[in-house]
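The values are calculated or read from the model by the stated rules, or taken from the named source; none is laboratory data. Being a predicted model, the structure only gives us computed values, none of them experimental. Cβ placement follows ideal geometry from the backbone for every residue including glycine, while neighbour counts extend to all protein chains displayed. Surface areas here come from the heavy atoms of the whole protein model, side chains and all, with no ligands, DNA or RNA. Shrake-Rupley method; radii C 1.70, N 1.55, O 1.52, S 1.80 Å.
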Amino acid sequence: SVSMFLNTLTPKFYVALTGTSSLISGLILVSTRCINITLQVDFIIQNGISSFIHLHVCSTRNLATQLGGGSASAARHSRECKVWRNPLNLFRGAEYNRYTWVTGREPLTYYDMNLSAQDHQTFFTCDTDHLRPADAIMQKAWRERNPQARISAAHEALELNECATAYILLAEEEATTIVEAEKLFKQALKAGEGCYRRSQQLQHHGAQYEAQHRRDTNVLVYIKRRLAMCARKLGRTREAVKMMRDLMKEFPLLSMFNIHENLLEALLELQAYADVQAVLAKYDDISLPKSATICYTAALLKARAVSDKFSPEAASRRGLSTAEMNAVEAIHRAVEFNPHVPKYLLEMKSLILPPEHILKRGDSEAIAYAFFHLQHWKRVEGALNLLHCTWEGTFRMIPYPLEKGHLFYPYPICTETADRELLPSFHEVSVYPKKELPFFILFTAGLCSFTAMLALLTHQFPELMGVFAKAFLSTLFAPLNFVMEKVESILPSSLWHQLTRI
């Protein structure tokens, strides 16, 4: 009977069936989309940020132009995935190697360590090293891949002379505690200051002396910065802050070391928020490159003013105050710069040891920031709650597709590849959050496509589809027929007759 029914159907029926199913699927698609948008719109954006952006749209566009570089060449340069030295990188011997001893895992990749070797050769060597035996040995030591070979070369150089770079290598890789590393850095400081004074007197006597003085300056700055980091790790935070401030005053032009990021972290530990704001006022400038530390620290300071009394329910009823609006806008700005940080701050994703190099706006930078700053966010009451309520609203503000930007230049698409080179294999690299379609929309689209395909096959092969339909219905109702037969055999015939009549 099913085969006869299917065979008597005309092509007009299949056309009508297809059109009706498509119409119903389209209505479901539109309705679910509208419901999804209504339910998922962030109340923060709905009540406050939309009006804020509308009032300041002109200033926002100007800001985006300036942050993006203002020209096509600057934008192209900004989009390049440049790897930076991590300002808060750990000590290999006292921290990275200790992690390897405990877990058996290597926290650093070969690519990351190779970049560090290139940095050491750039900062700690010059063309005149061959004139001094100890420096010549260290020039070869920085190129060694085997850690034991580098340590042996450093000891060999110290037997010839008090070599500052040899002490640096031993402090970084041989010292097993921060206390030992600090002692070696103090010896390196004594030797480095002597070399710096001698080269400073001869720096204008030729190109070779100029290069040597530049090398000695880099060595001295590196030693003082690491000594300040040792003091910070050993709990002498005020001493570390003083050392960093003195170093920034003595060498104001050496911004490549990003010492201000070390200073921000130390000031946050002291809860000196006024001093943190003063540092941000100097370095959170349009003309200077941004970082997760700068953007998220600025957001933390603004969130601190309102987070202790912030309530999503109350804000949805009365709207956002000016201070709350500024805090949410700062959070959106920070999340647009680096969208990977919130998951680490909210502990939705586990942290690992930060690498020695980071990729700005990438997962490696997010790990490096959250590793040191999570405690500062926890210390501010309600800050993480405010971040949790607002950070996802950023992705509804950013234009789609990703080639566009809102406050910054467009998010680079090459960050995932670079982060996989910087981060260890056991870590799941975070990728840029993509706008995902709701399940109902995907289900409706699949149902519509399946119905259209079924109608087309039935129109082209009516007999074959009839056989398939008969087999499908037989299989579908087989369990029901089996149950009915069991019920008939168990129940009395008179009772079953009365049930069927009902």
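Calculated FRET efficiency, ALA211 and GLU381, Cβ-Cβ r, R0 45 Å, to nearest 0.05?
0.30
Leaving out ligands, DNA and RNA, and with a 1.4 Å probe, what % of the accessible surface on the stretch 179-283 is carbon or sulfur? Display every interim value, and only then the final one.
On the way: 2740 of 5260 Å².
Taking all protein chains in place, the stretch 179-283 shows 52 percent carbon and sulfur surface.
Show ARG226, ARG98, ARG85 ordered by accessible area, largest first, where the area counts protein heavy atoms only and the probe is 1.4 Å.
Descending accessible area places them as ARG98, ARG85, ARG226.
I'd like to check one number: the per residue accessible area of the stretch 83-272, probe 1.4 Å, reported in Å² as a whole number.
On the way: 9270 Å² over 190 residues.
On a per-residue basis, 49 Å².
Restricting attention to the stretch 253-343, which chymotrypsin sites (Phe, Trp or Tyr not before Pro) occupy a DSSP loop and are surrounded by at most 10 other Cβ atoms within 10 Å?
On the way: sites: PHE257, TYR273, TYR283, TYR296, PHE310, PHE337; in loops: PHE310.
Nothing satisfies the criteria.
Taking 60 Å as R0, compute the FRET efficiency from the Cβ-Cβ separation of ARG396 and GLN201 and round it to 0.05.
FRET efficiency, ARG396 to GLN201: 0.50.
Provide the FRET efficiency to the nearest 0.05 for the THR122-LYS186 pair, computing r from the beta carbons and using R0 = 22 Å. Please report the intermediate quantities before stating the final value.
Working: r = 25 Å, r/R0 = 1.12.
After rounding, the FRET efficiency stands at 0.35.
Could you size up the charge dipole of the stretch 83-272 around its Cα centre, putting +1 on the beta carbon of Lys and Arg and -1 on that of Asp and Glu, and report it in debye to the nearest 20?
380 debye
Residues of the stretch 83-115 with the amide nitrogen closer than 16 Å to a label point 7 Å from the Cα of SER152, along Cα-to-Cβ, please.
none
Say the cut-off is 20 Å between C-alpha atoms; which of LYS343/LYS378; LYS224/LYS378; LYS309/LYS349; LYS249/LYS282; LYS302/LYS378; LYS186/LYS242 go over it?
LYS224/LYS378; LYS309/LYS349
Under a 1.4 Å probe, what is the accessible area of the stretch 283-436 per residue, stated in Å²?
Details: 6300 Å² over 154 residues.
Result: 41 Å² of accessible area for each residue.
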